[in-house]
Amino acid sequence: MSTPALRRVLRRESHSPRTVAMVIAVALMILVLAYLGTEIVLSLLAQPALLLAPDAQARFLIGLPTERPGWIIVLAGAVLAVIGLVFLFFALAPGRLPKHQMRFGDRAVLVDNGVIASSVARHLSEETGLSREDITVGVSHRTVDVTLRPGFGVPLDEAPLKSIVQTELDTYELTPTLKPRVHVERPKQNEDEQ
């Protein structure tokens with residue numbers, strides 16, 4: 001498999017398609033056009049309109065700036081602008097799936113963020129001696145958030161733990177690289193005595 005083909009496959013598998021947003025936009029447009037077409041046909045057949053006849057719609061739009069209060073027009077414009085910005089965001093933003101690329105020689109593997117989190121948690125459990133239930137790991141697109149809850153009197157420093165996590169992440173050769181954030185939650189003394 002050539003490198004451009006491999007990159008194309010990896011991108012397709014690591015980014016979500018915008019199919020849902022496109023289907024919603026197209027369905028809304030079809031509904032609006034079907035309604036307008038129905039109103040025009042009913043007007044041509046001299047039948048009563050479903051909601052508003054085409055000539056009444058035209059009069060409404062022409063008289064909108066003078067017959068309606070300005071704040072209603074501004075509010076309607078703001079709502080339409082927000083809807084437009086949402087569709088623009090969906091069109092331009094990269095819909096990333098919760099996966100990272102892992103290099104393996106000349107091959108590439110897509111790894112789910114949950115697998116990375118589980119692997120880091122298992123490695124930390126082995127290194128610190130804490131049970132797996134006392135370690136919480138979350139993986140986002142650029143960071144790994146690690147929370148450890150050692151028992152009372154168990155000394156753990158965040159700097160060496162962060163180094164352990166970074167070393168483990170470096171062995172995975174992930175793209176994009178992940179930056180670890182480590183937090184140690186200290187139990188209160190009265191909680192441990194109960």
Worksheet, complete the sentence: Plugging the Cβ-Cβ distance of Val111 and Val82 into 1/(1 + (r/R0)^6) at R0 = 30 Å yields, to the nearest 0.05, a FRET efficiency of 0.25
Fill in: Which of Glu173, Glu133 is most accessible, then next, and so on - probe 1.4 Å
Glu133, Glu173
Discussion item. Can you give me the angle between helix 19-44 and the longest principal axis of the chain, using Cα atoms only, in degrees from 0 to 90, rounded to the nearest 10?
Written reply: 10
Item to complete: Any chance you could give the angle, 0 to 90 degrees and rounded to 10, that helix 113-128 forms with the longest Cα principal axis of the chain?
Response: 20
Practice prompt. State the label only: which of [x] 106; [y] 186; [z] 241 corresponds to volume of the Cα convex hull per residue in Å³ computed from the shown model?
Written response: [z]
Discussion item. Largest first, please: the extent of the C-alpha atoms of region 74-161 along each principal axis, to the nearest Å.
Written reply: 61, 42, 21
Fill in: Longest exposed-site-free window of the chain, the sites being trypsin sites (Lys or Arg not before Pro) in a DSSP loop that have at most 10 other C-beta atoms within 10 Å
1-141
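The values are calculated or read from the model by the stated rules, or taken from the named source; none is laboratory data. The model shown is predicted, which means the values in this text are computed figures rather than measured ones. All Cβ positions, even for glycine, are placed from backbone atoms using ideal geometry, and neighbour counts span all protein chains on display. The area values use the complete protein model at the heavy-atom level, side chains included, leaving out ligands, DNA and RNA. Shrake-Rupley method; radii C 1.70, N 1.55, O 1.52, S 1.80 Å.
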